[in-house]
Amino acid sequence: MDLSNLKPAKGSVKNKKRIGRGQGSGRGGTSTRGHKGAQSRSGFKRKSGFEGGQMPLFRRVPKFGFKNINRKEYQGVNIDTLQQLADDKKITVIDQNVLIESGLVSKNDLIKILGRGELKAKLEVSAHAFTKSAKEAIEAQGGKATLI
């Protein structure tokens, strides 16, 4: 077998229905669109959520809740992850660039250091926010927790 005689498996490729190609096609006349009405016309586009005149779901269900426009979403990074990073890459200064390169956060994320796990290394960590336990754990090892 070589590239010149490759073809798909038998029965795996079906011919597309050719609609609107005259009477001889077997689908002439209205071309499977029925008679009259918006859906039979060219350029017809149905509204998203339209249910044929029935009250659509997004209008039947009541609105509820509150969305705070001032909320800040932080990407959490735990202390045990920082310890693993320090062990693997032999680094003592962990900042936004190091976390981005290691794939833990993306470049537009706000970073918050969380307190899960155990820290054995002396690290200088800079982030947008720290939990109380994370800050204590970093400073207990003689490290520095700096806010960006």
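None of the figures in this text is laboratory data; all of them are computed from the coordinates on show. It should be emphasised that the depicted structure is a prediction, and the values quoted were computed from it without experimental measurement. Note that each Cβ is placed from the backbone with ideal geometry, even for glycine, and that neighbours are counted across all protein chains shown.
Structure values in brief
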| read-out | value |
| --- | --- |
| Extension gain, MET1 back to SER25 (0.36 nm per residue minus Cα-Cα distance, nm) | 4.9 nm |
| Among (1) 1.46; (2) 1.37; (3) 1.49, the entry that matches Rg/Rh (Cα atoms, Kirkwood Rh) as calculated here | (2) |
| Extension reserve of the HIS128-ASP87 stretch, reckoned as 0.36 nm per residue once the Cα distance is removed | 12.4 nm |
| Exposure proxy ranking, count of Cβ atoms within 10 Å, fewest first, for VAL125, VAL13 | VAL13, VAL125 |
| Between helix 79-89 and the chain: long-axis angle, C-alpha atoms, 0 to 90°, nearest 10 | 90 |
| Two-site FRET efficiency, LYS16 against PHE44, from Cβ-Cβ distance with R₀ of 22 Å, rounded to 0.05 | 0.60 |
| Ranked LYS112, LYS47, criterion: other C-beta atoms within 10 Å, fewest first | LYS47, LYS112 |
| Size of charge dipole - the chain - debye, nearest 20, with Cβ of Lys, Arg +1 and Asp, Glu -1, no other charges | 2060 |
| Cross-link pairs LYS67/LYS120; LYS72/LYS132; LYS90/LYS112; LYS45/LYS107; LYS67/LYS135; LYS10/LYS45 - those with Cα-Cα distance over 28 Å | LYS67/LYS120; LYS45/LYS107; LYS67/LYS135; LYS10/LYS45 |
| Selection from THR146, GLN23, GLY65, by position along the positive dipole direction of the chain (Cβ) | GLN23 |
| Percent antiparallel among DSSP beta bridges (both partners in the chain, rounded to 5) | 5 |
| Net charge over other residues, Cβ less than 13 angstrom from the Cβ of LEU147 (K, R count +1; D, E count -1) | +1 |
| Fluctuation leader among GLY115, GLY26, GLY52 - the chain, Gaussian network, Cα springs under 10 angstrom | GLY26 |
| Gain upon complete extension [GLU101, ARG59; 0.36 nm per residue less C-alpha separation] | 10.6 nm |
